[in-house]
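Enquirer: Would you mind keeping the following structure in view while I ask a few things?
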Amino acid sequence: MVSLKYLSSYLSYYLENKFIQGRKITQQPHTLQSIKIKNFKLADELEEEAAKQEGLLSFAQFLHATQFGKYGYHASHSFHGMTDVHFRWGKSLVLLAKKLALTNIIEFGYGDCALALEMMKYAEELKTPLTWNGVEISDMLLDLTRKLFIKKKKMQYVGQLTTDITNMQIDKPSFVVFSFSLDSIPPLVFTNTTNKPGVPNALVGVSVKNGILQEKILTNAWLKTYTKASITNGIYTHNNIPFDLSSWILAPNQFAFIPIHSFIALKKTADVLPKKSIVMIIDEFQYPPVSFETKPLCIPKDLEKFGPNRDYKNLLSLYKNAGKDILYYASYLSTYS
């Protein structure tokens, strides 16, 4: 049964995003923002990391620290990527794995293990053999996972746990599940620094000094030195892998949150999987951006808030509350096809 509070929240969110989204909006010129971070311990951590890179962090590096840093979200919260996906997908995934004769399941970004535990429950009920393997970016979460499954007496279902799927020994066709994990991977923020609509030509990063965060435009020289990347004429290159972003026409100074590292995770997964493996993405998608759209694309969302504040209206809230909330970014469906 859906609570009235949740239904009201959902309708508010749906009406705001579905009916307003897509209207032509005149964007105000964006000036690079500056704000004081509330979490002063995290601010010190960010400043220390930035000092190793000429005082700068890419947006993805900033968000990674706010999630997995010593003073980030996961260090102080017990819910890691909280959703209700396990109620809706646990049994279905086990039935599908059984139908496909795939006994080796790999869950990418499993968070609080709720979906894994649900699959194990139905594997027992349906008498279906199942080996569950987990990929999480944080060693801390891997340790918590082992303790949880020992406590729940489910270790007989657990195969390999790792921070990188390329470290797994996968010797048979497998069923890989991305459950709201691709849009939890920090995106890169691209912008157009020219005075007319055009392709992305630069990335946005941040500096942190004395608790003050300041948005910065990252140069190609900095990108090559610290992230092995560059961008030229709408082509972003990372570790010699090109990403053609030339179809993203941005207004001057418009921001676009593009999940480059999500695509890299998918490619790494595809490269290591044996033939006849299956990949399933359970996620939230948006329609592709259109040429006349001038508002920022893919404003981050907060999984822990279901009221009027579920959407971040601007980056100031994200920066100010860094480390307090767990965020995710809806992806454009066509980019995965």
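Enquirer: When the residues of segment 213-259 are filtered to those that are open to solvent by 60 Å² or more (accessible area, probe 1.4 Å) and among the charged types (D, E, K, R), which remaining residue is farthest from LYS196 (Cα to Cα)?
Expert: LYS228
Enquirer: Within segment 108-135, track down each residue that is without any contact (Cβ under 8 Å) to a residue 40 or more places away in the chain and closer than 20 Å to GLY69 by Cα.
Expert: Result: ASP112, VAL135.
Enquirer: If you scan segment 127-144, which residues turn out to be hydroxyl-bearing (Ser, Thr, Tyr) and more than 20 Å from the chain's Cα centre (by Cα)?
Expert: THR128, THR131
Enquirer: Among the residues of segment 260-272, count how many are touching a helix residue (DSSP H, G or I) at 6+ places or on another chain (Cβ under 9 Å) and surrounded by 15 or more Cβ atoms within 10 Å (Cβ to Cβ).
Expert: Summing the residues that are touching a helix residue (DSSP H, G or I) at 6+ places or on another chain (Cβ under 9 Å) and surrounded by 15 or more Cβ atoms within 10 Å (Cβ to Cβ) in segment 260-272 gives 8.
Enquirer: Next question. Which condition does LEU32 not pass, out of (1) open to solvent by 20 Å² or more (accessible area, probe 1.4 Å); (2) out of contact with any strand residue (DSSP E or B) (no Cβ under 6 Å at 6 or more places or on another chain); (3) modelled with pLDDT under 90; (4) not basic (Lys, Arg), if it passes all the others?
Expert: The failed condition is (2).
Enquirer: Further, regarding this structure: Please determine whether any residue of segment 73-93 is in contact with a Leu (Cβ under 6 Å, 6 or more places away or on another chain) and hydroxyl-bearing (Ser, Thr, Tyr).
Expert: no
Enquirer: Can you run down the residue pairs with Cβ atoms below 9 Å, 6 or more apart or on separate chains, where the first is in segment 162-188 and without any contact (Cβ under 8 Å) to a residue 40 or more places away in the chain and the partner is small (Gly, Ala, Ser)?
Expert: Qualifying pairs under 9 Å: THR162/GLY134; THR163/SER138.
Enquirer: Being more than 23 Å from ALA270 (Cβ to Cβ), part of a loop (DSSP other than H, G, I, E, B) and open to solvent by 40 Å² or more (accessible area, probe 1.4 Å) is the filter here, so list the residues in segment 98-130 that pass it.
Expert: ASP112, LEU126, LYS127, PRO129
Enquirer: Taking only segment 35-73 into account, find how many residues are open to solvent by less than 60 Å² (accessible area, probe 1.4 Å), closer than 23 Å to ALA202 by Cβ and among the hydrophobic types (A, V, I, L, M, F, W, C).
Expert: Going through segment 35-73 one residue at a time, the tally reaches 10.
Enquirer: In the list LEU203, LEU141, LEU213, which residue meets the criterion of being aliphatic (A, V, I, L, M) and part of a helix (DSSP H, G or I)?
Expert: Going through LEU203, LEU141, LEU213 in turn, just one is aliphatic (A, V, I, L, M) and part of a helix (DSSP H, G or I): LEU141.
Enquirer: Next question. From the list ILE217, ILE212, ILE235, ILE260, which residue is over 22 Å from SER334 (Cα atoms) and touching a Leu at 6+ places or on another chain (Cβ under 9 Å)?
Expert: Within the list ILE217, ILE212, ILE235, ILE260, the selection yields ILE217.
Enquirer: Right, here's the next one. May I ask you to verify whether ASP44 is farther than 13 Å from ILE137 by Cβ and touching a Phe, Trp or Tyr at 6+ places or on another chain (Cβ under 6 Å)?
Expert: Against the criterion (farther than 13 Å from ILE137 by Cβ and touching a Phe, Trp or Tyr at 6+ places or on another chain (Cβ under 6 Å)), ASP44 does not qualify.
Enquirer: Can you tell me how many residues within segment 170-200 are within 21 Å of MET119 (Cβ to Cβ), at pLDDT 90 or above and either of a type in the set (S, T, N, Q) or open to solvent by less than 10 Å² (accessible area, probe 1.4 Å) (or both)?
Expert: Matching residues across segment 170-200 total 5.
Enquirer: Conditions: (1) in contact (Cβ under 8 Å) with a residue 24 or more places away in the chain; (2) surrounded by fewer than 16 Cβ atoms within 10 Å (Cβ to Cβ); (3) within 22 Å of the chain's Cα centre (by Cα); (4) not in a strand (DSSP E or B). LYS276 meets all but one. Number of the miss?
Expert: Tallying (1) in contact (Cβ under 8 Å) with a residue 24 or more places away in the chain; (2) surrounded by fewer than 16 Cβ atoms within 10 Å (Cβ to Cβ); (3) within 22 Å of the chain's Cα centre (by Cα); (4) not in a strand (DSSP E or B), LYS276 fails exactly one: (3).
Enquirer: Only residues that are of a type in the set (Gly, Ala, Ser) and in contact with a helix residue (DSSP H, G or I) (Cβ under 6 Å, 6 or more places away or on another chain): list them for segment 135-172, please.
Expert: SER138
The values are calculated or read from the model by the stated rules, or taken from the named source; none is laboratory data. As the structure is a prediction and not an experimental result, all values here were calculated from the model. Glycine gets a Cβ as well: all are built from the backbone with ideal geometry, and neighbour counts include every protein chain shown. Areas reflect the complete protein model, heavy atoms only, side chains present, ligands, DNA and RNA absent. Shrake-Rupley method; radii C 1.70, N 1.55, O 1.52, S 1.80 Å.
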